[in-house]
1. Would you check if there is a residue in the range 21-35 being part of a helix (DSSP H, G or I) and over 30 Å from residue 124 (Cα atoms)?
2. Just to verify a result, which residue in the range 105-134, among those that are among the aliphatic types (A, V, I, L, M) and surrounded by fewer than 17 Cβ atoms within 10 Å (Cβ to Cβ), is farthest from residue 17 (Cα to Cα)?
3. Just to be sure before I move on: is residue 24 hydrophobic (A, V, I, L, M, F, W, C), within 21 Å of residue 74 (Cβ to Cβ), within 17 Å of the chain's Cα centre (by Cα) and buried (at least 17 other Cβ atoms within 10 Å of the Cβ) in the structure I sent?
4. Let me confirm something: among 45, 29, which residue is in contact with a Ser or Thr (Cβ under 7 Å, 6 or more places away or on another chain), in contact (Cβ under 8 Å) with a residue 60 or more places away in the chain and either basic (Lys, Arg) or within 18 Å of residue 134 (Cα to Cα) (or both)?
5. When you go through (1) crowded, with 16+ Cβ neighbours inside 10 Å; (2) free of Cβ contacts under 8 Å to residues at least 12 places away in the same chain one by one for residue 87, which number turns out not to apply?
6. Can you tell me which of 44, 68 is under 16 Å from the mean Cα position of the chain (by Cα) and polar (S, T, N, Q)?
7. Exactly one condition in (1) free of Cβ contacts under 8 Å to residues at least 12 places away in the same chain; (2) over 14 Å from the mean Cα position of the chain (by Cα) is false for residue 55; which is it?
8. Pairs only if they're at least six apart or on different chains, beta carbon under 6 angstrom, first in the range 14-26 and over 16 Å from residue 134 (Cβ atoms), second modelled with pLDDT of 90 or more and in a helix (DSSP H, G or I); list them, first residue then second.
Amino acid sequence: MKFSDVIIAVASLALVNFLVESLLNFALIPMNTSWGSDIAFILSILVSALIVGYVFAGKMREESRMTSMGKIVVLNALLVLFVCMLVFGAAGHSGAWIDENLTNMYGKTATSSWTNTDWFGYEIGALFSLTAVDIVYSLVFGFIGLYLGSMRKPSTKTTE
């Protein structure tokens, strides 16, 4: 699989992922739990990787299928890293959400003595851990989706 094919596969994966996750977010976020967006992200990665694996199955067989899937998944994880950095930096309420969760976790009395530096450190730690979880999800479920999607049998015309 050439690098240009990997780029096209990752771009296709990102586009399908965006469309599927947008629809799933509308359906699952109103569940009044924090799991709605996580489930939407996991399912969108899995579905988009299934589709891309199916479409690029022939290209993946040009070399080792595992190597091709590894290239796609790692480049997609890098894209997820940049998207998470942009989203968490641009989302106005992510800091308030993290502050609320930290206050609930440590208690109102414990967090009342925190300085701005303490809040900043905990918020950065929370954002890094959320980004790390999203990268792990994209690696694991992207690989599973690509593997399952690329298992289609080649047609008899392409084997001759």
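1. Here is the first cut: in the range 21-35, the ones part of a helix (DSSP H, G or I) are 21-31, 35.
Adding the requirement that they be over 30 Å from residue 124 (Cα atoms) leaves none.
No, the range 21-35 contains no residue that is part of a helix (DSSP H, G or I) and over 30 Å from residue 124 (Cα atoms).
2. Step one: list which residues in the range 105-134 are among the aliphatic types (A, V, I, L, M), which gives 105, 110, 124, 126-127, 130, 132-133.
Retained after the next criterion (residues that are surrounded by fewer than 17 Cβ atoms within 10 Å (Cβ to Cβ)): 105, 110, 124, 130, 132-133.
Details: 105: 32, 110: 40, 124: 26, 130: 18, 132: 18, 133: 17 Å.
Step by step, filter the range 105-134, then rank; the result is 110.
3. Working: hydrophobic (A, V, I, L, M, F, W, C): yes; within 21 Å of residue 74 (Cβ to Cβ): no; within 17 Å of the chain's Cα centre (by Cα): yes; buried (at least 17 other Cβ atoms within 10 Å of the Cβ): yes.
So residue 24 fails the test.
4. On the way: 29 fails: in contact (Cβ under 8 Å) with a residue 60 or more places away in the chain.
Answer to the check: 45.
5. All conditions are met except number (1).
6. Details: 68 fails: under 16 Å from the mean Cα position of the chain (by Cα).
Result of the check over 44, 68: 44.
7. Failing condition for residue 55: (1).
8. If the second residue must be modelled with pLDDT of 90 or more and in a helix (DSSP H, G or I), the pairs left are 16/48; 16/51.
The values are calculated or read from the model by the stated rules, or taken from the named source; none is laboratory data. Only a predicted model underlies this, so the values are computations on that prediction, with no experimental measurement involved. Please note: Cβ atoms are built from the backbone with ideal geometry, for glycine as well, and neighbour counts cover all protein chains shown.
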